[in-house]
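First the structure, in the form of structure tokens, and then the observations on it.
Quick note: the coordinates plus some simple rules give every number you see, no bench work behind them. What you see is a predicted model; the values in this text were computed from it and never measured. Positions of Cβ are generated from backbone atoms using ideal geometry, with glycine treated the same way; all protein chains shown enter the neighbour counts.
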Amino acid sequence: MKKALSIILTASLAVGCMAGCGKSDQSDKKSTEKKEGQTLRVMMSSGDFGADTIKPALEKAAEMMGVTLEYDVIPDDQMLNVVNTQLATGNADDVILHNFGLTDISAKDLAPLEGEWSEKITSTTKPLCIDDSGKVLKAPLGGESNMGLLYNKAVLEKCGVKMPLTNYKEFMEACEKIKAAGYTPVYISNKEVWTAQILLMTSMTTIFTDNEELIKKITTNQIKPVDVPELKKLWENAASLRDKGYINEDYMSATNDMAFEALANGECAFYAQMDNAYGTLAEGYPDQIENIGMCYTPLWDNEEDAYVLFDSATNYMSVSSSSQNLEKAKEFVNTVLTEEPLTVYYNSNPGSVPYDDLGFELNTNEFNKEMREYAEELPRYGTFNNNSYDGEVPLEAFYGAFNEQIQGLYSGKSVEDAMDSWYHAYASDAQARKADGF
């Protein structure tokens with residue numbers, strides 16, 4: 001929910017001396033007399049949730065503890081494979097900062113975490129933080145995400161488009177006006193594996209809400225997604241953006257950074273993203289940020305299906321159970337989740353804090369505020385796989401590399417083929433788990 005994420009080239013960044021290093025002989029002496037365990041290694045994604053905006057908060061916690069941090073920054077599309085490999089071989093960094101769910105990694109390779117914060121995780125986020133026994137393996141850091149459509153207010157005004165748009169028909173009428181005026185209606189950055197999926201992640205949940213029978217059929221292999229008429233129609237609506245020529249011509253090679261530039265500079269009207277893109281946009285385009293808003297994604301045919309997406313936390317901290325600095329790493333996580341480091345983080349990444357009450361206030365952003373206004377009239381749901389149904393998240397394990405499936409849809413696959421690829425991906429996972437019906 002961000003997102004806010006993928007850079008193709010491998011990056012490995014290291015932070016130099018702590019503040020004050022090299023200013024005097026005494027400082028130099030201290031820096032060379034570090035005791036074992038005073039350096040912690042942090043693995044994080046290069047993704048848009050964003051390495052550079054998170055580091056200041058981590059450095060504040062390191063300063064409070066008197067430790068040094070070294071970073072391994074991994075391209076977002078390689079992060080999961082690298083983490084799994086390093087955890088399996090016992091070579092993972094001490095702290096792993098990530099944005100993927102527990103179903104994607106081996107829970108046995110992560111250390112249980114404890115702290116006052118662990119009892120205050122919101123009900124929206126907690127299901128993704130614990131293992132089957134209830135142990136907390138992930139410490140939420142980033143705000144509970146909104147995902148939807150970022151939009152350029154000036155472009156919409158020039159094209160005579162008024163917000164909000166309530167359904168697919170209105171959305172298509174708006175796109176036609178925008179295209180006729182010479183702007184790109186919807187920007188797609190399909191070189192990134194994760195961005196296009198947001199269009200459907202933010203519009204599918206209603207199909208499953210209050211539909212226990214459908215959820216049971218999906219999770220027990222009684223029905224395939226392509227055989228659900230409402231679901232197939234939604235995918236067709238998403239694909240129509242491509243078929244109607246409402247997206248940028250270079251969408252197959254376009255990146256998230258290119259999308260931000262086009263949006264901020266008024267070259268396009270809409271871009272599907274996470275709310276934590278606010279920090280990146282505010283830093284990169286400080287003069288244009290006030291001209292960018294956020295709304296829900298009206299791909300549904302019926303206005304009654306509308307909702308505002310409030311999902312689980314955007315990123316988390318975990319500790320490798322094989323860390324040589326295990327207790328120090330756990331202490332570091334607890335320190336990050338105190339007022340000073342969190343204030344640093346939420347001042348640059350404003351959002352909805354994934355804790356019920358930490359005892360202090362943190363900053364939120366304009367995207368969150370706008371989405372909360374919509375939520376005064378509309379239901380609030382999470383993504384189809386992270387949404388809670390009767391306190392459970394039965395579709396969590398049925399993500400099925402959804403990001404790759406929607407990337408494939410915009411790479412030229414038919415709706416039927418893309419939906420079948422999704423089915424085969426999650427069915428393979430279910431077979432490996434020996435799930436009922438698979």
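At-a-glance table
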{"item": "Across K108/K217; K55/K138; K135/K233; K135/K191, pairs whose alpha-carbon gap is larger than 28 Å", "result": "K108/K217; K135/K233; K135/K191"}
{"item": "Relative packing of peptides 274-283, 214-223 - highest average C-beta neighbours within 10 Å first", "result": "274-283, 214-223"}
{"item": "Simple Cβ-charge dipole of the chain, Lys/Arg +1 and Asp/Glu -1, about Cα centre, in debye nearest 20", "result": "620"}
{"item": "Selection from V344, A427, V319 lying farthest towards where the dipole of region 295-438 points positive, charges on Cβ", "result": "V319"}
{"item": "For region 300-438: rounded, prolate or oblate by the Cα gyration tensor [a/c cutoff 1.5]", "result": "oblate"}
{"item": "Paramagnetic label zone (point 7 Å from Cα along Cα-to-C-beta, S106; backbone N under 12 Å) in region 322-346", "result": "322"}
{"item": "Rounded to 5, the percent of DSSP beta bridges in the chain classed as antiparallel", "result": "60"}
{"item": "Neighbourhood net charge (14 Å Cβ-Cβ; Lys/Arg +1, Asp/Glu -1) for V95", "result": "-3"}
{"item": "Three-way shape call for region 38-94 based on the alpha-carbon gyration tensor, with the a/c threshold at 1.5", "result": "oblate"}
{"item": "Equivalent ellipsoid semi-axes - Cα gyration tensor, the chain, angstrom", "result": "36, 26, 19"}
{"item": "Cut-off 10 Å between beta-carbons: net charge of the residues surrounding E340, Lys and Arg +1, Asp and Glu -1", "result": "-1"}
{"item": "Cα gyration tensor category, rounded, prolate or oblate, for region 62-220 with a/c compared to 1.5", "result": "prolate"}
{"item": "K153 paired with A180, simple spin-label distance in nm, labels 7 Å along Cα-to-beta-carbon", "result": "2.5"}
